[in-house]
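The values are calculated or read from the model by the stated rules, or taken from the named source; none is laboratory data. Values in this document were obtained by computation on a predicted structure and should not be read as measured data. With ideal geometry, Cβ positions are generated from the backbone for all residues, glycine too; neighbour counts draw on all protein chains shown.
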Amino acid sequence: MERVVLRGHHLLCVHGFQGMGYSPEFVRKMAEIVERIRDPEQDFPILVVQGFDDTCLACPNKGLEKCEANGDSEEHVQGLDRNVINHLGLRGNEVYRKSDLVNWTREKVDPDDLDRLCAGCSWLPYGVCKEGIARLKTGN
């Protein structure tokens, strides 16, 4: 099965994704990845990175070498990636099984952890990410 490349913080975003995004292309790409990750019948390799991933390739804010949403966006998203990678006990640029990443997220991340892990994220106030992590933890 085809490997997915995901940045650290997107490992959490996929659980709360509700169809919002930066552009129709980004939403389509994220929805495609989310569907695969949420499907318990699928298991596949995921390369965890701190930088551009498969969803970033469809983002209108992707510059040649960095996120260009605003002046400090690259530093911000890199920080989010580091937070999540460290919290899950992962190493960047390593390949993991989807099933392991989902299980570790279920075990190690509580909804309120997102206040710290995702501080400053524009999507956090919507509450969908915390709801997604809560669903993951309860199996719903």
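Would the stretch 25-44 turn up any residue that is touching a residue at least 60 places away in the same chain (Cβ under 8 Å), among the aliphatic types (A, V, I, L, M) and touching a Cys at 6+ places or on another chain (Cβ under 8 Å)? Checking the stretch 25-44: not a single residue is touching a residue at least 60 places away in the same chain (Cβ under 8 Å), among the aliphatic types (A, V, I, L, M) and touching a Cys at 6+ places or on another chain (Cβ under 8 Å).
Evaluated against (1) more than 21 Å from PRO45 (Cα to Cα); (2) exposed (fewer than 15 other Cβ atoms within 10 Å of the Cβ); (3) charged (D, E, K, R), LYS62 falls short on exactly one condition, (2). Residues of the stretch 50-58 include at least one that is touching a strand residue (DSSP E or B) at 6+ places or on another chain (Cβ under 7 Å) and either in a helix (DSSP H, G or I) or closer than 21 Å to PRO125 by Cβ (or both).
Residues that are acidic (Asp, Glu), in contact with a helix residue (DSSP H, G or I) (Cβ under 6 Å, 6 or more places away or on another chain) and within 21 Å of LEU136 (Cβ to Cβ) within the stretch 25-43 comprise just one, ASP43.
For the stretch 44-59, the tally of residues that are out of contact with any helix residue (DSSP H, G or I) (no Cβ under 6 Å at 6 or more places or on another chain), buried (at least 17 other Cβ atoms within 10 Å of the Cβ) and more than 16 Å from GLU25 (Cα to Cα) stands at 3. Of all residues in the stretch 84-108, those satisfying the criterion of being touching a Lys or Arg at 6+ places or on another chain (Cβ under 8 Å) and aliphatic (A, V, I, L, M) are ILE85, LEU88, VAL95. Taking helices (runs of 4 or more DSSP H) as the structural unit, those lying wholly within the stretch 86-140 and holding at least 1 residues that are at pLDDT below 95 correspond to 128-138.
Residue selection: PRO111 satisfies the criterion of being surrounded by 14 or more Cβ atoms within 10 Å (Cβ to Cβ) and closer than 23 Å to ALA31 by Cβ.
Taking the conditions (1) out of contact with any Phe, Trp or Tyr (no Cβ under 7 Å at 6 or more places or on another chain); (2) within 13 Å of LEU6 (Cβ to Cβ); (3) modelled with pLDDT under 95; (4) not hydrophobic (A, V, I, L, M, F, W, C) in turn, GLU32 satisfies each one other than (3).
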